[in-house]
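These notes concern the structure reproduced below.
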Amino acid sequence: MTDTALVSDETARKFATEKESPYTRWVAAEGLDILPAIYVRNLRTVELKPWARRGGSAVFLNHDASRTSNDSYVMEIPPGGELAPQRQLFEEMILVLSGQGSTEVWNDQGQRVSFEWREGALFAIPLNTWHRHYNASGSEPARYVAVTNAPPVINLYEDPDFVFNTSHDFTGRFDGEPDYFADKGEQDGLLLRTNFVADAVNLPLVSAAERGAGGGHIRFALAKGSMNSHISQFPVGTYKKAHAHGPGAYVIILSGEGYSLMWAEGEEPKRYDWEVGTLIVPPNMWYHQHFNTGTTPARYLALKHEGVAIRNGQGVPKAWISRRVGGHQIDYADESAEVRSMFADALRVSGAEPRMDEAYQAELGTLPPKSRS
């Protein structure tokens, strides 16, 4: 949890009965821990506990608003093992962190589809379908991270048996199509409609100059779900513009080295160093900014609840819009001098060449005038 907005113990005791929820009680009943997830240095090495009902090992990672929006968990499948079949009345997006294996998905009508995956694969489980994951290696575990919207669903029904054992096929989401998990999709602007990405680390991206520094971007609509996700990449010696949005964006580093700054409005930024496998979850409306200090392009995947994307009347996320016109993105021209000096110091340590001058100049041609208010 964040350490801001703390109150006295007396005030906290007045709300003690509201601290837990049906969701948090369900996780505890499963014998698992919930770790705060503002920053986890490496999801590949985070400690797990046996999850008897699923047949693997896991830990839950939640951000500050997890009682009302979304959550995450890391799961490991033992060598030569498989997880128990499960269905659920909530959505789930999965990134394979290590290993290789396969997944089988089916519905009550008996329509059954299976597909193979390996490290870097991204896919989603269609709503309320039966599914089962298998580890193809007899010597190494397979590990994945998943983001779900389980908290509001479990909190709403307060009945795990209903959430996990309801018989209903959402055929509009999945109807046993043989090519459902084929590595293909329909591209529409920045949005790729697909159900399976074989290699998120090397997937071609679309130019996204609005986010600064000549970066690439692609957004996903997975398995016709209500949650959303995207990949962003930015070149060596550059950094993205600072921005803020709603809670529950789980940012997973796919390639590169660097750091992120995160801060609440009016507070000093805090630095979080990252590598491949790091998880960063910006708290609600905290500004955050990502910096590439390595020798290769830096790429991350954000798996998130749709409520993160606070939009304007045109449907554009305000995190893409300058604060000068009412958005939640800080233009390079308006960032503090400390941001640039910290980045310069970090590049000197790493030996990477700074490449931001072109980005600063490119912004000037599209920079909105400052408000007079």
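The values are calculated or read from the model by the stated rules, or taken from the named source; none is laboratory data. Just so it is clear, the structure is predicted and the values come from calculations on it, not from any experiment. Here Cβ is always computed from backbone atoms with ideal geometry, including for glycine, and neighbour counts include all displayed protein chains. Ligands, DNA and RNA are excluded from the accessible area calculation, which covers all protein heavy atoms including side chains. Shrake-Rupley method; radii C 1.70, N 1.55, O 1.52, S 1.80 Å.
Step through the table entries LYS224/LYS318; LYS49/LYS240; LYS49/LYS224, compare each Cα-Cα distance with 30 Å, and write down the pairs that go over it.
Distance filter (> 30 Å) returns LYS49/LYS240; LYS49/LYS224.
With the calculation restricted to Cα positions, what are the radius of gyration and Dmax of the stretch 85-141 in angstrom?
Cα-based Rg and Dmax for the stretch 85-141 come out at 11.7, 35 Å.
With viscosity set to 0.692 mPa s and temperature to 37 °C, compute the Stokes-Einstein D of the chain, Rh being the Kirkwood radius across alpha carbon pairs; µm²/s, no decimals. Intermediate results must be reported in sequence, preceding the final value.
On the way: Rh = 21.7 Å.
Once the numbers are plugged in, D ends up at 151 µm²/s.
Kirkwood Rh, the stretch 291-373, all Cα pairs: how many Å? Please list the in-between numbers first.
Working: mean 1/r = 0.0655 Å⁻¹.
Computed over the stretch 291-373, the radius equals 15.3 Å.
Peptides 258-267, 97-106, 14-23: what's the order by average Cβ count within 10 Å, highest mean first?
97-106, 258-267, 14-23
Once you list every other residue whose beta carbon is under 13 Å from the beta carbon of ILE280, what net charge do they have if Lys and Arg are +1 and Asp and Glu are -1?
Local net charge: +3.
Leaving ligands, DNA and RNA out of it, report the carbon-plus-sulfur percent of the accessible area of the stretch 305-352 at a 1.4 Å probe. If you can, show how the numbers build up before the last one.
Working: 1330 of 2450 Å².
So the carbon and sulfur contribution to the accessible surface is 54 percent.
Please work out whether the stretch 71-197 counts as rounded, prolate or oblate from its C-alpha gyration tensor, where a ≥ b ≥ c are the square roots of the eigenvalues and a/c under 1.5 means rounded, while otherwise a/b larger than b/c means prolate and anything else oblate?
rounded
By how many nm would the segment from ASN165 to THR68 grow when fully extended, if each residue of separation counts as 0.36 nm and the alpha-carbon distance is taken off? Don't skip to the answer; put the middle values down first.
Values: separation 97, 0.36 × 97 = 34.92 nm, distance 2.20 nm.
Gain in length upon complete extension: 32.7 nm.
Treat each spin label as a single point 7 Å out from the Cα along the C-beta direction, and report the GLU82 to TYR360 distance in nm.
About 5.9 nm separates the two model spin labels.
Report the calculated FRET efficiency for GLU335 and ALA5 (r = Cβ-Cβ distance, R0 = 25 Å), to the nearest 0.05.
0.50
Roughly what would the spin-label model give for LYS14 and LEU35, points 7 Å off Cα along C-beta, in nm?
3.5 nm
Report the one residue of GLY266, LEU254, GLN361 whose Cα lies farthest in the direction of the positive end of the charge dipole of the chain (charges on C-beta: Lys and Arg +1, Asp and Glu -1; origin at the Cα centre).
GLN361
Would you compute, from DSSP H runs of 4+ residues alone, the mean residue ellipticity of the chain at 222 nm, taking -39500 (n - 2.57) per run and dividing by the full residue count, rounded to the nearest 500?
Counting only the DSSP helices, I get -3500 deg cm²/dmol.
Grab the Cα-Cα distance for ILE310 and THR295, subtract it from 0.36 nm times how many residues apart they are, and report the gain in nm with one decimal.
Values: separation 15, 0.36 × 15 = 5.40 nm, distance 3.35 nm.
In short, 2.0 nm is gained.
What is the chain's relative contact order, in percent, from Cα pairs under 8 angstrom and six or more apart in sequence?
Here the relative contact order equals 15 percent.
Using a 1.4 Å probe on the protein heavy atoms, what percent of the accessible area of the stretch 1-130 belongs to carbon and sulfur? Present the calculation step by step, with values, prior to reporting the outcome.
Working: 3020 of 6020 Å².
Result for the stretch 1-130: 50 percent of the exposed heavy-atom area is carbon or sulfur.
What is the packing order of peptides 326-338, 220-232, taking the mean over residues of other C-beta atoms within 10 Å and listing the highest first?
Taking the mean over residues of other Cβ atoms within 10 Å, the ranking is 220-232, 326-338.
Quote the relative contact order of the stretch 199-313 in percent (integer), defining contacts as alpha-carbon pairs under 8 Å separated by 6+ residues.
Here the relative contact order equals 32 percent.
Over what distance in Å are the Cα centres of the stretch 315-373 and the stretch 166-186 separated?
Here the answer is 42 Å between Cα centres.
Please calculate how many Å² of accessible area the chain carries per residue, with a 1.4 Å probe and no DNA, RNA or ligand atoms counted.
On a per-residue basis, the chain sits at 45 Å².
Treating only the Cβ atoms of Lys and Arg (+1) and Asp and Glu (-1) as charged, compute the dipole magnitude of the chain about its Cα centre; round to the nearest 20 debye.
Rounded to the nearest 20 debye, it is 520 debye.
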